[in-house]
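Colleague: If you scroll down you'll find the structure; I have some questions about it.
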Amino acid sequence: MAQPDGVDRITEQWRDERPDLDTTAMAVFGRIFRLSRIAGDEMERVYAGHGIGRPEFDVLATLRRAGEPFQLSPGALAASMMVSTGGTTARLDRLERAGLASRFPSPTDRRGVLVRLTPKGREVVDRAVGAGLAEQQRLLSHLSPAKQGQLAGLLREALGPLEPPAG
């Protein structure tokens, strides 16, 4: 059993003050929020070492995962990242200035635009994703591979009814 943590102290205080409350969900989400904050801070640090932030990484990674020719419409990018088109535009502006992505007219839609990962952008995202994954693995290295798989499965199960189906 793991040592008591800050979340345990908080739920114990609530149990003392409000024994009528079931604080199980508070314990779960408190730990998820703390883990997310720690991981987010570490990922920012890792990506900064590659000259990008998490928002830029999200765009580059989405384009990279799209496969050859590593291009999508701004709308498809926004939908995949679950951000507004305005937020996507600001990210694309920064990536274009850095030479990591480019926008060009769609060959099939006169009003459309496509965003493509540049060779420099592909180099940056390939290095950043490897470094980011190594950092995530380091953060979970105190858990056995079996426990990591169990945790991933439990979180998938918890998210299941709360998210739209992947597709």
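The values are calculated or read from the model by the stated rules, or taken from the named source; none is laboratory data. Computed from a predicted model, the values in this text were never measured in an experiment. With ideal geometry, Cβ positions are generated from the backbone for all residues, glycine too; neighbour counts draw on all protein chains shown. With ligands, DNA and RNA removed, areas are computed over all heavy atoms of the protein, side chains included. Shrake-Rupley method; radii C 1.70, N 1.55, O 1.52, S 1.80 Å.
Colleague: Which FRET efficiency value, to the nearest 0.05, do you get for Q137 and D5 by plugging their Cβ-Cβ distance into 1/(1 + (r/R0)^6) with R0 = 22 Å? The partial results should precede the final answer.
Modeller: Values: r = 22 Å, r/R0 = 0.98.
Result of the calculation: an efficiency of 0.55.
Colleague: Moving on to the next point. Just checking my list (1) 22, 20, 17; (2) 30, 20, 14; (3) 38, 19, 15 against semi-axes √(5λ) of the Cα gyration tensor in Å computed from this structure; which label fits?
Modeller: (3)
Colleague: Using a probe radius of 1.4 Å on heavy atoms only, what accessible surface per residue do you get for region 78-167? Whole Å² is fine.
Modeller: Numbers: 6310 Å² over 90 residues.
Accessible area per residue, region 78-167: 70 Å².
Colleague: Per 0.36 nm of contour for each residue apart, how much would the distance between R97 and R45 grow if the chain were fully extended, relative to their Cα-Cα spacing? It would help to have the intermediate numbers written out before the result.
Modeller: Details: separation 52, 0.36 × 52 = 18.72 nm, distance 2.14 nm.
Full extension of this stretch gives 16.6 nm more.
Colleague: With each run of n ≥ 4 DSSP H residues scored as -39500 (n - 2.57), what mean residue ellipticity at 222 nm is computed for the chain after dividing by its residue count and rounding to the nearest 500 deg cm²/dmol?
Modeller: On the way: 7 runs with 106 residues, N = 167.
Counting only the DSSP helices, I get -21000 deg cm²/dmol.
Colleague: Mean-square fluctuation check for the chain, GNM, Cα pairs under 10 Å: which of V125, V28, V113 is largest?
Modeller: Between V125, V28, V113, it is V28 that shows the largest mean-square fluctuation.
Colleague: Please give me the summed charge of the neighbours of L60: other residues whose Cβ is under 13 Å from its Cβ, Lys and Arg +1, Asp and Glu -1. If you can, show how the numbers build up before the last one.
Modeller: Values: positive: R54, R64, R65, R91, R94, R116, K120, R122, R127; negative: E56, D58, E96, E123, D126.
Surrounding charge for L60 is +4.
Colleague: Quick one: Debye curve from the alpha-carbon atoms of region 12-87 only, equal weights, vacuum; give me log10 I(q)/I(0) at q = 0.23 Å⁻¹ to two decimals.
Modeller: Per q value, in the given order, log10 I(q)/I(0) is -1.05.
Colleague: Counting only Cα atoms, I'd like the Rg/Rh figure for region 107-150, Kirkwood definition for Rh.
Modeller: Values: Rg = 18.2 Å, Rh = 13.6 Å.
My calculation of the ratio gives 1.33.
Colleague: Once R0 is set to 45 Å, what does the formula 1/(1 + (r/R0)^6) return for the Cβ-Cβ distance between L155 and R110, expressed as a FRET efficiency to the nearest 0.05?
Modeller: On the way: r = 44 Å, r/R0 = 0.98.
FRET efficiency, L155 to R110: 0.55.
Colleague: Here's another thing I want to ask about it. Against the longest principal axis of the chain, how steep is helix 85-97, in degrees 0 to 90 to the nearest 10, with axes from Cα atoms?
Modeller: Roughly 60 degrees, rounded to the nearest 10.
Colleague: Between S144 and Q13, what FRET efficiency follows from the Cβ-Cβ distance if R0 is 35 Å, with the result rounded to 0.05?
Modeller: Values: r = 32 Å, r/R0 = 0.91.
That pair, S144 with Q13, gives E of 0.65.
Colleague: Just want to confirm a number: the relative contact order over the chain, from Cα pairs under 8 angstrom separated by 6+ residues, in percent. It would help to have the intermediate numbers written out before the result.
Modeller: Working: 131 pairs, mean separation 31.0, N = 167.
Normalised by residue count, the contact order of the chain is 19 percent.
Colleague: I'd like the carbon and sulfur percentage of the solvent accessible area for the chain, probe radius 1.4 Å, heavy atoms only, ligands and nucleic acids excluded.
Modeller: Numbers: 6550 of 11370 Å².
Roughly 58 percent of what the probe reaches on the chain is carbon or sulfur.
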